[in-house]
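Structure, as structure tokens:
The values are calculated or read from the model by the stated rules, or taken from the named source; none is laboratory data. What you see is a predicted model; the values in this text were computed from it and never measured. Using ideal geometry, Cβ is built from the backbone for each residue, glycine included, and neighbour counts are taken over all protein chains shown.
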Amino acid sequence: MAKVELKGIGKVYDNVFRAVDNANIVVDDQEFVVFVGPSGCGKSTTLRMIAGLEDITEGELYIDGELMNDVPPKDRNIAMVFQNYALYPHMTVYDNMAFGLKIRKTDKAEIERRVNEAARILDIEKLLDRKPKALSGGQRQRVAVGRAIVRNPKVFLFDEPLSNLDAKLRVQMRAEISDLHHRLKATMIYVTHDQIEAMTMSDKIVVMKDGKIQQIGSPLYLYNHPINKFVAGFIGSPPMNFLTVKIIEKGGKLIADEGSFEIIPNEEQAKTLKNYIGKEVFFGFRPEDLTYVKTPAPVNNMQMKISVIEPLGAETHLHLQTKTQQIIAVVEPDNKYQIGDTANFTPLLEKGKFFDKDTELNICEVVKSE
Ligand SMILES: Nc1ncnc2c1ncn2[C@@H]1O[C@H](COP(=O)(O)OP(=O)(O)O)[C@@H](O)[C@H]1O
Ligand SMILES: [Mg+2]
């Protein structure tokens, strides 16, 4: 299998539009790396440059240490699975899977061995004689993956392969692809706009926005140590809450003033925030890091009005309003909450983040990006 390295990779379309800017990514042998970000941020362009389907404008692409920039796609030993499956409608499942090997003049017995092996791995042996139109969406997706497997590539590339499936099937296929990764011990690069897919499937996530990599790290590292407000808000569901607060000094104490209540940053946070006195910053905290208190907490009490209650079964989401801002809390399911009530909460301050209002950088902790 293979290691993929992008060094300063950039893409400019038609000499005018910059879709990818200075991408530096290392995908280790057997690693599962997910590129995630909103639509149009340059994920597919980056993937297509790795596959050789798109010219590389700037930088260098290496596979196992070998420069690939000018190597044609068919010689890169890469297989790509697309969102729309791209199956040939007039061919059977068997022929769809065998096609790539046939045009490479692979020996007939070897083709049969590989197609049967892939069909067994994907549990589609009974479908080999069918045409794509007689398959469900999930089965078609499996055939598309099978077509990649038979080629025994060094690297698998997936471009939003589950987007056309319904929610339930997506969850199932997500697990199947993860399982496949473990069984094949293959290097895989997977593109999605869905942060849950990124979190659940990857060893490593590359978060992109506007053609630029924001941060690279493990799912939990990005969740706990986002480099900026964008990553903090993109990873995690429901997303992190952000309250605009003003840093003031009162009675020798540093305070983050929300308008409706005051938060006292801890010592570590105060070290940085003392440079922000008189200025506004974003106070970020996850919906699950808010604790309901029956009577107002002595410090860091957030009194808010419950505007919406969303019971999801295992947990309940509360929409809470300060005088001017709105946030979400994830709480235990409990019918003590009533719409319109005023309730008291306190944030888990150690997990709280502060972001510069202009640069949107996470300012109170040292954060890495690979
Ligand atoms: N062939 C092309 N010519 C010009 N612009 C393109 C082309 N392909 C993509 N783009 C633009 O490049 C940007 C990134 O596109 P893409 O890589 O497809 O994003 P993503 O996959 O993250 O949604 C978008 O603004 C898109 O419109
Ligand atoms: Mg795309």
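Just to be sure before I move on: is Lys209 within 16 Å of ligand 1 (Cβ to nearest atom) and of a type in the set (Lys, Arg) in the structure I sent?
yes
I'm told Lys74 meets every condition in (1) in contact with a Phe, Trp or Tyr (Cβ under 7 Å, 6 or more places away or on another chain); (2) more than 15 Å from ligand 1 (Cβ to nearest atom) except one. Can you identify the failing condition by its number?
All conditions are met except number (1).
Identify, from the list Lys126, Lys133, the residue that is touching a residue at least 40 places away in the same chain (Cβ under 8 Å), out of contact with any Gly (no Cβ under 9 Å at 6 or more places or on another chain) and assigned to a helix (DSSP H, G or I).
After ruling out the rest, the residue left standing is Lys133.
Being touching a residue at least 40 places away in the same chain (Cβ under 8 Å) and more than 15 Å from ligand 1 (Cβ to nearest atom) is true for just one of Met49, Met80, Met68, Met97. Which residue is that?
Met97
Taking Gly40 as the residue in question, decide whether it is near ligand 1 (Cβ under 10 Å from one of its atoms) and either surrounded by fewer than 18 Cβ atoms within 10 Å (Cβ to Cβ) or touching a residue at least 40 places away in the same chain (Cβ under 8 Å) (or both).
Considered against the rule, which asks whether it is near ligand 1 (Cβ under 10 Å from one of its atoms) and either surrounded by fewer than 18 Cβ atoms within 10 Å (Cβ to Cβ) or touching a residue at least 40 places away in the same chain (Cβ under 8 Å) (or both), Gly40 comes out as yes.
Suppose the filter is in a strand (DSSP E or B), farther than 23 Å from Gly233 by Cα and more than 31 Å from the chain's Cα centre (by Cα); does Asn275 pass it?
no
Within the stretch 44-61, identify whether any single residue is within 16 Å of ligand 2 (Cβ to nearest atom) and not in a helix (DSSP H, G or I), and answer yes or no.
Checking the stretch 44-61: at least one residue is within 16 Å of ligand 2 (Cβ to nearest atom) and not in a helix (DSSP H, G or I).
So, in the stretch 156-197, of the ones that are polar (S, T, N, Q) and away from ligand 1 (no atom under 16 Å from the Cβ), which residue ends up nearest to Arg104 (Cα to Cα)?
Thr187
Got at least one residue in the stretch 146-155 being away from ligand 1 (no atom under 16 Å from the Cβ), on the phi > 0 side of the Ramachandran plot, polar (S, T, N, Q) and modelled with pLDDT under 95?
Yes; the residues of the stretch 146-155 include at least one that is away from ligand 1 (no atom under 16 Å from the Cβ), on the phi > 0 side of the Ramachandran plot, polar (S, T, N, Q) and modelled with pLDDT under 95.
Hey, could you check the stretch 19-32 for residues that are more than 16 Å from ligand 2 (Cβ to nearest atom) and assigned to a strand (DSSP E or B) and say which is surrounded by the most Cβ atoms within 10 Å (Cβ to Cβ)?
It comes out as Val27.
Checking Ile235 against (1) touching a strand residue (DSSP E or B) at 6+ places or on another chain (Cβ under 6 Å); (2) not assigned by TED's automatic domain parsing to the domain that holds Leu122, which single condition isn't satisfied?
The failed condition is (1).
Give me the pairs, please: first residue somewhere in the stretch 169-190 and under 20 Å from Asn77 (Cβ atoms), second residue anywhere and assigned to a helix (DSSP H, G or I), beta-carbon distance under 6 Å, and either six or more positions apart or on two chains.
Met188/His181
Tell me which strands (runs of 3 or more DSSP E) are completely within the stretch 309-370 and hold 3 or more residues being at pLDDT 95 or above, under 27 Å from the mean Cα position of the chain (by Cα) and not small (Gly, Ala, Ser), or say none if there are none.
Answer list for the stretch 309-370: 316-321, 326-331, 353-356.
Is it the case, given these coordinates, that Ala297 is of a type in the set (Gly, Ala, Ser) and either touching a Leu at 6+ places or on another chain (Cβ under 8 Å) or buried (at least 22 other Cβ atoms within 10 Å of the Cβ) (or both)?
no
Hey, can you tell me all the residues within the stretch 62-103 that are more than 29 Å from His193 (Cβ to Cβ), of a type in the set (D, E, K, R) and assigned to a loop (DSSP other than H, G, I, E, B)?
If the condition is that a residue be more than 29 Å from His193 (Cβ to Cβ), of a type in the set (D, E, K, R) and assigned to a loop (DSSP other than H, G, I, E, B), then Asp64, Asp70 are the ones that fit.
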